[in-house]
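Please read the structure below before turning to the comments.
The values are calculated or read from the model by the stated rules, or taken from the named source; none is laboratory data. All values derive from a computational prediction rather than experimental measurement. Here the Cβ positions follow ideal geometry from the backbone for every residue, glycine too, while neighbour counts run over all protein chains shown.
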């Protein structure tokens with residue numbers, strides 16, 4: 001049986017266009033396959049750590065917030081940390097309710113300023129300038145992240161080992177906490193965070209000897225961040241940019257075989273907004289990767305998510321080409337086994353990290369397939385158009401009515417109906433029908449996913465109001 005996706009003989013412009021797109025799209029999938037095989041062969045690598053310290057390094061935990069404090073995260077972090085740290089709350093908040101909630105944690109030290117310059121990066125830089133010299137290390141937390149018991153003790157033990165002296169950031173793996181996943185959507189899709197971070201990042205550490213910083217849940221050497229010139233206040237993707245700055249200064253960032261907790265967007269709309277922000281932020285930082293003094297490992301680490309974002313418009317173009325051009329449909333997927341195998345691998349390869357929870361994994365894989373393919377239109381738009389502005393993520397859930405669900409998914413419904421019509425005319429092969437049908441179902445299911453997976457949360461965070469950039473946090 002010939003696998004014609006691989007053994008090709010293009011003869012027309014449509015052939016060359018289709019196979020050219022397919023060749024580009026195959027690059028990130030090949031990287032995914034390599035990571036999977038590497039993970040399967042090599043179980044992992046443990047960083048050395050000291051058994052005991054003669055001295056106790058000084059550590060600060062920095063909880064950053066901007067009108068979006070999650071009290072549960074603050075309280076649980078304070079309860080989980082047994083290492084002698086100083087807890088700092090860095091706030092640019094200007095909503096009275098949010099400020100009052102922050103100040104109710106009187107066992108935390110509070111740092112505010114009269115400007116919002118540079119957002120999260122700016123306030124961390126200002127804190128470093130005022131208090132950084134007092135600490136050997138610090139850990140930053142976003143509003144919906146929190147530490148697990150023993151995190152700080154183990155991270156410091158890694159950082160104090162002499163073999164790790166060139167590592168500037170020790171990044172914890174991620175896991176969505178059930179208390180922060182208060183909707184069915186967050187609970188089901190959020191499971192994938194744990195499985196994903198246990199495959200590719202450890203492999204990249206083995207291959208490239210380094211990883212990227214993820215913006216929270218990482219122990220950072222104060223000397224290293226000052227040596228690298230501090231946080232960048234111009235680019236929104238401050239975590240990857242800091243990784244590049246560390247690399248250029250001779251410091252590494254690596255993942256540690258330990259995990260902290262985070263939240264997850266509570267509904268499809270919130271995930272869509274966050275994903276579009278991440279796409280634009282990654283696109284914004286691409287020029288700095290062209291510097292000659294950036295290592296190949298850091299380039300590849302930072303480019304990996306960009307490649308997967310970039311493949312979205314390519315796959316969408318292939319689907320639309322197959323929908324309107326009969327020749328493309330003929331060559332699109334002549335072997336259904338191969339087509340099904342590709343999609344199955346993409347969404348099922350993480351099963352190696354989800355042993356013992358088969359039912360949960362399959363539920364997540366099905367919903368995730370619909371969500372990821374259904375968001376392809378928005379990801380394409382974010383990648384190609386629009387400027388990057390940062391706003392806090394919505395951390396409160398809401399219930400979407402049918403009217404709201406349909407109104408917020410009109411583009412997806414339009415493309416889905418178009419593919420459905422094309423399917424009725426182009427169903428010449430089973431695999432061709434599979435190709436168009438899978439995408440059509442994903443687009444058409446978008447309002448149903450939004451409607452049925454969102455619900456009111458039992459706990460909420462302070463209501464946000466539009467931010468006035470000229471107001472100080474103490475006004």
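Check 242, 206 and return the single one that is surrounded by fewer than 21 Cβ atoms within 10 Å (Cβ to Cβ) and either in contact with a strand residue (DSSP E or B) (Cβ under 8 Å, 6 or more places away or on another chain) or not in a loop (DSSP other than H, G, I, E, B) (or both). Lay out the reasoning, then the answer.
Values: 242 fails: surrounded by fewer than 21 Cβ atoms within 10 Å (Cβ to Cβ).
Criteria check complete, one pass: 206.
Residues that are within 24 Å of residue 169 (Cα to Cα) and modelled with pLDDT under 95 within segment 93-119 comprise 118, 119, listed in sequence order. Applying the condition of being assigned to a loop (DSSP other than H, G, I, E, B) and under 14 Å from residue 124 (Cα atoms) to segment 209-227 and asking which residue is modelled with the highest pLDDT yields 216. For residue 140, the stated conditions hold: it is crowded, with 21+ Cβ neighbours inside 10 Å, touching a residue at least 60 places away in the same chain (Cβ under 8 Å) and not in a helix (DSSP H, G or I). Is one or more of the residues making up segment 183-196 in a loop (DSSP other than H, G, I, E, B) and buried (at least 19 other Cβ atoms within 10 Å of the Cβ)? Yes; the residues of segment 183-196 include at least one that is in a loop (DSSP other than H, G, I, E, B) and buried (at least 19 other Cβ atoms within 10 Å of the Cβ).
Kindly check whether there is at least one residue in segment 41-60 that is part of a helix (DSSP H, G or I) and modelled with pLDDT under 95. Before you say what the answer is, go through the steps one by one.
Initially, segment 41-60 is screened for residues part of a helix (DSSP H, G or I), giving 41.
Filter once more, keeping what is modelled with pLDDT under 95: 41.
Yes, that holds for at least one residue.
Within segment 89-110, is even one residue in contact (Cβ under 8 Å) with a residue 40 or more places away in the chain, surrounded by 20 or more Cβ atoms within 10 Å (Cβ to Cβ), assigned to a loop (DSSP other than H, G, I, E, B) and touching a helix residue (DSSP H, G or I) at 6+ places or on another chain (Cβ under 8 Å)? Yes, that holds for at least one residue.
Name the one entry in 11, 34, 2 that is surrounded by fewer than 19 Cβ atoms within 10 Å (Cβ to Cβ), more than 30 Å from residue 111 (Cα to Cα) and at pLDDT 65 or above.
On the way: 11 fails: at pLDDT 65 or above; 2 fails: at pLDDT 65 or above.
That would be 34, the only listed residue that is surrounded by fewer than 19 Cβ atoms within 10 Å (Cβ to Cβ), more than 30 Å from residue 111 (Cα to Cα) and at pLDDT 65 or above.
Condition test on residue 80, is it more than 25 Å from residue 225 (Cα to Cα), assigned by TED's automatic domain parsing to the domain that holds residue 222, touching a residue at least 60 places away in the same chain (Cβ under 8 Å) and in contact with a strand residue (DSSP E or B) (Cβ under 8 Å, 6 or more places away or on another chain)?
Numbers: more than 25 Å from residue 225 (Cα to Cα): yes; assigned by TED's automatic domain parsing to the domain that holds residue 222: yes; touching a residue at least 60 places away in the same chain (Cβ under 8 Å): yes; in contact with a strand residue (DSSP E or B) (Cβ under 8 Å, 6 or more places away or on another chain): yes.
In short, yes.
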